[in-house]
Structures are given as structure tokens and as C-alpha cells.
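To keep things clear, I will list the structure first and then write my remarks on it.
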Ligand code: PCA
């Protein structure tokens with residue numbers, strides 16, 4: 001099977017009742033379907049290793065044109081496409097299965113990092129046009145979001161059977177900064193840009209995040 005877009009968000013963690021990333025995915029998916037796109041959405045557990053494994057299963061099963069994994073970054077003030085995934089797990093708090101890896105690789109022996117293969121500058125530019133706060137982020141952290149992002153990029157870079165699939169990660173702020181509908185509309189926009197933009201826009205670097 002081949003679809004247009006695979007979207008993932010995360011379950012709640014750190015005692016929260018909701019995770020804004022999954023709320024955004026749930027609202028964005030029907031909007032994308034209205035445009036005639038084939039979308040599969042998957043809610044990932046906040047667990048090192050397992051979350052990425054589930055994403056990779058969905059990737060092989062559905063063979064999307066584009067994959068956008070999302071997560072919550074509380075404290076950020078913008079929708080932030082991530083530039084780079086790094087090969088490290090360093091947990092500030094235990095994940096939802098109780099694991100707290102410190103200074104461990106995501107994939108032993110794999111490269112230090114991978115760049116997103118999404119057009120992150122063009123995505124941020126589209127958000128600016130819509131009046132939604134957006135900026136490129138230089139780090140997805142070292143917790144479960146980065147873990148999933150790294151597993152995704154490693155697989156896309158090394159599995160010839162998945163050649164041509166582009167993917168990356170986007171952090172969304174908490175709902176008091178960007179409400180769920182706005183985050184969902186932003187996600188729709190990012191998907192549209194990712195599907196139609198092959199080469200990224202050579203725009204100057206954005207704000208630090
Ligand atoms: N945010 C966490 C993990 C799950 C989520 O939504 C992170 O940024 O790593």
C-alpha cells in the first residue's frame with residue numbers, strides 16, 4: 001500500500017492529561033482527507049525504543065510519500081520543525097515505561113546525527129504567511145521525541161526499500177500558546193508544503209529554539 005502522509009503524535013506524559021501533538025494530528029487528519037489525501041495517523045507511546053519501532057512498522061506497512069512525526073515541547077512559543085536528530089538518549093525524567101537512559105545511543109554504531117529531509121525553511125515560511133508562530137529548531141532534545149526522530153531518519157537513510165520517502169519531526173507548543181485548532185491548521189499547512197516542495201527554500205536562519 002502507498003499513502004500520501006503518515007502522521008504521528010504522542011500519548012500524554014509527565015503527568016499531563018493530554019498531549020497537544022496527538023490532539024493536533026487527530027484534528028489535522030480529517031482536514032487533509034478532505035483535500036483528497038491518503039493519511040494514516042498513529043499515536044505513539046512515550047517510551048524509548050518502542051515508540052520508534054511502532055513508527056517504523058507503520059512506515060513499512062504504509063509507504064507514505066512524507067512522514068511527519070510530532071511531539072509536544074512545553075515552553076516553546078512556536079511550531080518548530082526540527083533540523084537534526086542526534087544519536088543519543090539522555091532522559092531528564094523517566095519515560096512512560098519507567099526507563100531513564102543516560103548517555104546511550106539510540107542506534108549503536110549509527111552516525112552521530114541525521115538532518116531532517118523535510119523542507120523545514122519552506123515550512124516555516126508558510127507558517128509565517130499564515131500568521132502562525134514558527135521557527136526552525138536546532139535540537140529535538142535527547143528524550144523520546146529525538147529517539148523517534150533519529151530512528152526514523154536512520155531507517156530512511158539506510159533502507160533502500162524506503163528510498164524517496166521524506167521525513168522529519170515537528171514540535172508543537174502547549175495549548176495555552178497555540179490552541180489545538182491552530183496547531184492542526186499549521187500541521188495541515190506543513191504537510192501541504194512538504195508534499196509539494198522537493199528542494200528547501202534557501203532562507204536565512206530563524207530564531208533560536
Ligand atoms: N514530547 C517529548 C516526548 C513526547 C512528547 O510529546 C519530547 O519532546 O521528547
Residue in region 19-30 that is in contact with a helix residue (DSSP H, G or I) (Cβ under 8 Å, 6 or more places away or on another chain), more than 12 Å from the ligand (Cβ to nearest atom) and part of a strand (DSSP E or B) present:
no
Looking at region 153-175, is at least one residue more than 10 Å from residue 81 (Cβ to Cβ), without any contact (Cβ under 8 Å) to a residue 40 or more places away in the chain and within 16 Å of the ligand (Cβ to nearest atom)?
no
Show me the strands (runs of 3 or more DSSP E) found entirely inside region 78-191 where at least 2 residues are surrounded by 19 or more Cβ atoms within 10 Å (Cβ to Cβ).
84-86, 166-172
Mind counting the residues in region 57-77 that are within 10 Å of the ligand (Cβ to nearest atom), in contact with a helix residue (DSSP H, G or I) (Cβ under 8 Å, 6 or more places away or on another chain) and either modelled with pLDDT under 95 or in a loop (DSSP other than H, G, I, E, B) (or both)?
1
Return only the number of the condition from (1) over 23 Å from residue 176 (Cα atoms); (2) touching a helix residue (DSSP H, G or I) at 6+ places or on another chain (Cβ under 7 Å) that residue 2 does not satisfy.
(2)
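For region 1-12, what are the residues that are within 13 Å of the ligand (Cβ to nearest atom) and in a loop (DSSP other than H, G, I, E, B)? Let's see the steps before the verdict.
Applying the first criterion (within 13 Å of the ligand (Cβ to nearest atom)) to region 1-12 yields 8-12.
Passing the criteria: 11, 12.
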Checking residue 143 against (1) closer than 20 Å to residue 41 by Cβ; (2) within 16 Å of the ligand (Cβ to nearest atom), only one condition comes out false. Which one?
(1)
Which is under 18 Å from the mean Cα position of the chain (by Cα), within 15 Å of the ligand (Cβ to nearest atom) and either more than 19 Å from residue 159 (Cα to Cα) or touching a residue at least 12 places away in the same chain (Cβ under 8 Å) (or both), of 49, 15, 113?
49
I'm trying to understand the selection: among the residues of region 31-46, which are under 16 Å from residue 190 (Cβ atoms) and within 16 Å of the ligand (Cβ to nearest atom)?
41
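The values are calculated or read from the model by the stated rules, or taken from the named source; none is laboratory data. The structure displayed is predicted, hence computed values, not measured ones. So basically every Cβ, Gly included, is an ideal-geometry build from the backbone, and we count neighbours across all protein chains shown.
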